[in-house]
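The structure appears below as structure tokens.
The values are calculated or read from the model by the stated rules, or taken from the named source; none is laboratory data. This structure is a prediction, so every number in the text was calculated from the model and none was measured. Don't worry about glycine lacking a Cβ; one is built from the backbone with ideal geometry, like all the others, and counts go over all protein chains shown. Accessible surface is based on the protein model in full, side chains and every heavy atom, while ligands, DNA and RNA are left aside. Shrake-Rupley method; radii C 1.70, N 1.55, O 1.52, S 1.80 Å.
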Amino acid sequence: AALKQGLRSQVSAALKEGRVTPTELCQRCLALIRSTKFLNAYITVAEETALKQAEESEERYKRGQPLGILDGIPIAVKDNFNTTGIETTCASNMLKGYISPYNATVVQKLLDRGAVLLGKTNLDEFAMGSGSTDGVFGPVRNPWSYSKQYKEKCVPESHSENEESNWVITGGSSGGSAAAVSSFTCFAALGSDTGGSTRNPAAHCGVVGLKPTYGLISRHGLIPLVNSMDVPGILTRCVDDAAVLLGSLAGHDPKDSTTIQDDFKPFELPNLTDVSKLSIGIPKEYHAPGLSSEILTLWSKAADLFRNAGAKVVEVSLPHTRYSIVCYHVLCTAEVASNMARFDGLEYGHRSDMKDSTESMYAATRREGFNDVVRGRILSGNYFLLKQNYEKYFVKAQKVRRLIANDFVKVFRSGVDILLTPTTLSDAALYTEFIQEDNRTRSAQDDVLTQAANMAGLPAINVPTALSERGLPVGLQFIGRSFQEKQLLTVAKWFEKQVQFPVIQLEEVKRHDSGVFQHQKSASFS
């Protein structure tokens, strides 16, 4: 119950009242990171830096001058955001050992508000994937694999040799951030979202995952994947906490010309009691091939929940959604090919020892630095951008993208306030099953319900809704109007309160460090 109360009412108050100090909070989170090392959620743990930041926060509290709600709050950042003094790798050999000379704008904003940066989280290499299994530091394990809820349903009581293979994926590509929040090692984390990379792992790990409107939060310092779709994402344990972080991060950035020009006013979410004036749209195209009967049932129950509470629930159509995943593949790989050209071994990152010629050094550097997934996307993107293919593929995909965006505009103009859809086709897959298919096939399947919101630049949020028959989290997605985050989050908060998603019972962590876990379970940050 305390976890659901979030930052504003729980931990921030405890810090102000002196019931816990920022240093104590930081030390307990660091102890939990050590206890959950088997999850592989973090690539780099910045223990010394974090403790120093916590001590500075403690001094501010002693003077009665905290910088706000986030002062002293431990957070984590996906390892594709630049951070000064802390390695930024993108989970790739290409950037192993690279330390940026500047902080990403979102990181700097968090630090300016007193947040304590614990470390950098794991991901798919250069955020290309949907499982957090394809980075050079190894796959991330879903904390729910070690929960009492999952073990009671799926893991045999006898400790067989196969027990090690029973763990499930986090989803991706922000799986490290989702696992970090889900396992209580931090109170919030940053991810990135290009086609669902924040919402997908949020759904699999039972946390809130917010993708804001494109342009609301600065991308400066986020190592780009697809410039026209990338958005910094927010992962927290409750909707209120997502609103707190959004209020700290949103707004114009002179270093990112795509950000909004107007100032953003942070808001506190109201407690919605009357939903009778709401119109909830159910897009029929999201009844996609491969959607599990379990999630379909949950989606229907959620629609009934709104209907029974007095909201208007209507079926709507987004006719061009069926072309969305193919269109996304063309545009994504084309922009990847362009963005990855900067990694040539000359200015930063990995450089091959090949000295025959500049061209051979380029080729060897990229062959050694990039994995097969990244090289494959570069190859596809360059094919689509060839002079003879440019009109046929890239330009046509841009036209289809406009049609997809227009579908959303028409639906919202018809009077619909919020769209309700599934976030994923099923609950989290076993790692051993997930790796049977190649990255491109997996991404096409896993992004099908999320990437249309990126194509249209709309805000979307995953809200953990229930546990599957296997005892694993299942989430539903709410998509809102452009720049209407307050309405989106208010509806999501109402829904969150209705469903009362259960708290994870991490048996494995209790065995490692019961004292730390029990403390962390009773304290969330808003």
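Packing order of peptides 20-27, 250-257, 325-332, highest average first: 325-332, 20-27, 250-257 (average count of other Cβ atoms within 10 Å over each peptide's residues). For the chain, the 222 nm mean residue ellipticity estimated from helices alone, with every DSSP H stretch of n ≥ 4 adding -39500 (n - 2.57) and the total spread over all residues, rounds to -11500 deg cm²/dmol.
Give the relative contact order (percent, whole number) for the chain; include only Cα pairs under 8 Å separated by 6+ residues. Before the final figure, lay out each step's value.
Details: 1200 pairs, mean separation 107.8, N = 526.
This gives 20 percent for the chain.
Give the peptides 366-374, 233-241 in descending order of average Cβ contacts within 10 Å, highest first. Present the calculation step by step, with values, prior to reporting the outcome.
Values: 366-374: 18.4, 233-241: 28.8.
Ranking the peptides 366-374, 233-241 by packing returns 233-241, 366-374.
Viscosity 1.306 mPa s, temperature 10 °C: what is the translational diffusion coefficient of the range 72-202 from Stokes-Einstein with a Kirkwood Rh over Cα pairs, rounded to a whole number of µm²/s? Don't skip to the answer; put the middle values down first.
Working: Rh = 15.4 Å.
So the translational diffusion coefficient is about 103 µm²/s.
With R₀ fixed at 41 Å, the C-beta to C-beta distance from residue 440 to residue 16 puts the FRET efficiency at about 0.25. For the range 209-288, the extents of the C-alpha atoms along the principal axes are 42, 35, 25 Å, listed from largest to smallest.
Within 14 Å, Cβ to Cβ, of residue 23, how many net charges do the neighbouring residues add up to if Lys/Arg are +1 and Asp/Glu are -1? Present the calculation step by step, with values, prior to reporting the outcome.
Numbers: positive: 19, 28, 52, 60, 62; negative: 24, 47, 48, 55, 56, 58, 59, 71.
Overall, the nearby charge balance is -3.
Which shape class, rounded, prolate or oblate, goes with the chain when its Cα gyration tensor gives a ≥ b ≥ c as root eigenvalues, a/c under 1.5 marks rounded, and past that a/b bigger than b/c marks prolate?
Rounded, because the longest to shortest axis ratio a/c is under 1.5.
Orientation-averaged projection of the range 268-334 equals 7.1 nm² [convex hull of Cα atoms, one quarter of hull surface area].
Using 0.36 nm per residue of separation minus the Cα-Cα distance, give me the extension gain between residue 227 and residue 297 in nm, one decimal. Write down the numbers at each step before the final one.
On the way: separation 70, 0.36 × 70 = 25.20 nm, distance 3.60 nm.
Additional length available on full extension: 21.6 nm.
Would you list which lysines come within 28 Å of residue 399, measuring only between C-alpha atoms, while excluding same-chain residues fewer than 8 positions from it? Correct list for residue 399: 211, 284, 387, 410. Here the simple spin-label model places points 7 Å from the Cα toward Cβ, and for residue 102 and residue 484 these points are separated by 3.5 nm.
Simple rule: put +1 on each Lys or Arg Cβ and -1 on each Asp or Glu Cβ in the range 21-69, find the dipole, and look at 50, 38, 27; the Cα lying farthest toward the positive end is 38. Surface analysis of the chain yields an accessible area of 39 Å² per residue, using protein heavy atoms and a 1.4 Å probe. Per-residue extension of 0.36 nm, minus the Cα-Cα distance of residue 263 and residue 398, leaves a gain of 45.6 nm for this segment. Which of the three applies to the range 1-107, rounded, prolate or oblate, going by the alpha-carbon gyration tensor with a ≥ b ≥ c and a/c under 1.5 meaning rounded? It is prolate, given that a/c is not under 1.5 and a/b is the larger ratio. Of the solvent-accessible surface of the chain, computed with a 1.4 Å probe over protein heavy atoms with every protein chain present, carbon and sulfur atoms account for 49 percent.
Under 17 Å of direct C-alpha separation, and excluding same-chain neighbours fewer than eight residues apart, residue 120 reaches these lysines: 37, 52, 78, 96, 109.
DSSP assigns beta bridges within the chain; of those with both partners inside it, close to 65 percent run antiparallel. In the assembled protein chains, residue 399 presents an accessible area of approximately 130 Å² (probe radius 1.4 Å). Oblate is the label for the range 198-331, because a/c, from the alpha-carbon gyration tensor with a ≥ b ≥ c as root eigenvalues, is 1.5 or above and a/b does not exceed b/c. Distance between the pseudo-spin-label points of residue 314 and residue 148 (7 Å out from Cα toward the beta carbon): 4.6 nm. Roughly how many nanometres apart are two label points built 7 Å out from the Cα toward the Cβ at residue 433 and residue 358? Distance between label points: 5.2 nm.
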